[in-house]
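The structure appears below as structure tokens.
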Amino acid sequence: MNKEQSVLLKGVAILMMLFLHLFNHPQVDAMCTPLLYIGSTPLVYFLSHAAHPVAIFLIISGYGLHYIYTKGQITIKGQIKKLCKLYIFYWLTLLIFVNIGHWIGKEGYPGDWETAVLNAIGLRSNYNTETWFLFPYALLSLSAFYLFKGMRKIGVPMSILTSGVLYLASIYTISRYIAPNGAYGTWAYFVCTYFDLLLPFMIGAALHHIGTTHQLRIAIFSQHQWLVYILLLGLIVIDCSLSNAITNLIFEIALAVLFLQIRIVSSIKSFLSAMGKQSMVMWLIHTYFCNYFFHDFIYGFKYPIIIYATLLVISYCTSLLISFCGNKLIHSIPWLRR
């Protein structure tokens, strides 16, 4: 996977994320007017079960960081600089949208000082629950060097097996103890979430490791592109129908590998590239529009395809403005621009 392909895959992931957060509601037909159904289930709700954007982002991140690790270029200082840049964009989104929430009289914006500080750090996500991912991801980034060092020592199979056991233990603990008790924001929650995210991150690293000795592109798929689409369609149907931790994981890995086999036409490549480049900021802001502040406006477009296109355009255009301001701010800080 080269840099261009990783950006394109990020584009796919952010498209998944917007689709998931718009239509992954059992009563979605009460929020909009789906035109297609599978039995009594709206097609958009059925398809939302195949959207796993967080895992895709983690696979890409693990792949990219392992590449840097193999070049001997991954350091704690370097990771801290990257995280500072990420947090600058995050803080800009808080500055804009918390003020909008306060201005329109939304309860809890900004809340008390403790709420504001903990949200700014990423230890809470009261303002936007989709930022739950931020702090555990920061921990993964900071520990990446040691994770990859451990992988080199014990081997890829044992690393994946260990990560898998920790993954299963974490989702069990979250589902049985943390979620029922609403114990989000506790250190137990962050530990479990770290191990929940660890597996796809290490799978990404493993894919890079495999890619250094074996081609991830498969010859038969290059010659018969229709096979890729048949496999993707079959995996989507299976994942939507079963949708559990195991099938989700298989689908995520298969999507990343199969995506590398596709010959993408230039127009779609340009679109996915544009989405991928803005994916981080779009991830941080899109639910402010569709869930928190402008829910009725977004869903007021009635039909899923129009609702989706509206959120996509608004999120993308807003992300361009925030990215411009964020990059200017980063460039003004000598330590970060070096």
- Would you mind telling me the share, in percent, of accessible area of the stretch 188-233 contributed by carbon and sulfur at probe 1.4 angstrom? 73
- Task: Mind running the shape call on the stretch 225-286? Use the C-alpha gyration tensor, a ≥ b ≥ c as the square roots of the eigenvalues: rounded below 1.5 for a/c, prolate if a/b tops b/c, oblate otherwise.
- Result: oblate
- Over all distinct alpha-carbon pairs, what is the Kirkwood Rh of the chain in angstrom? 21.2
- Task: Heavy atoms only, probe 1.4 Å: what % of the accessible area of the stretch 263-338 goes to carbon and sulfur, would you let me know?
- Result: 69
- Task: Using a Gaussian network model of the chain whose springs link C-alpha atoms within less than 10 Å, name the residue from 165, 98, 44 with the highest mean-square fluctuation.
- Result: 165
- Message: Can you list the DSSP H helices in the chain whose Cα atoms extend at least 20 Å along the helix axis and whose mean Kyte-Doolittle hydropathy is -1.0 or higher?
- Response: 3-23, 53-70, 76-103, 134-154, 156-173, 187-211, 225-242, 245-259, 304-331
- Packing-ranked peptide list from 169-179, 17-27, highest mean Cβ count within 10 angstrom first, is 17-27, 169-179
- Query: If we sort 245-258, 1-14, 198-211 on the protection proxy, mean other Cβ atoms within 10 Å, highest first, what's the order?
  - Reply: 198-211, 1-14, 245-258
- Query: Are any of the pairs 85/328; 106/328; 3/269 more than 18 Å apart by Cα-Cα distance, and if so, which?
  - Reply: 106/328
- Note on the structure: Regression test value, accessible area per residue of the stretch 154-268, probe 1.4 Å, units Å², expected 54
- Task: Take the alpha carbon atoms of the stretch 191-206, find their center, do the same for the stretch 32-63, and report the distance between the two centers in whole angstrom.
- Result: 21
- Message: I'd like the Kirkwood hydrodynamic radius of the stretch 1-156, using the inverse of the mean 1/r over distinct C-alpha pairs, in Å.
- Response: 18.4
- Quick one: pull the percent of accessible area on the stretch 79-118 belonging to carbon and sulfur, 1.4 Å probe, ligands and nucleic acids left out. 69
- Note on the structure: One checks the Cα atoms of the stretch 266-314 and finds Rg and Dmax, in Å, of 12.1, 36
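The values are calculated or read from the model by the stated rules, or taken from the named source; none is laboratory data. None of the values given here were measured: they were computed from a predicted structure. With ideal geometry, Cβ positions are generated from the backbone for all residues, glycine too; neighbour counts draw on all protein chains shown. Remember, those area values only see protein heavy atoms, side chains included, never the ligands or the DNA or RNA. Shrake-Rupley method; radii C 1.70, N 1.55, O 1.52, S 1.80 Å.
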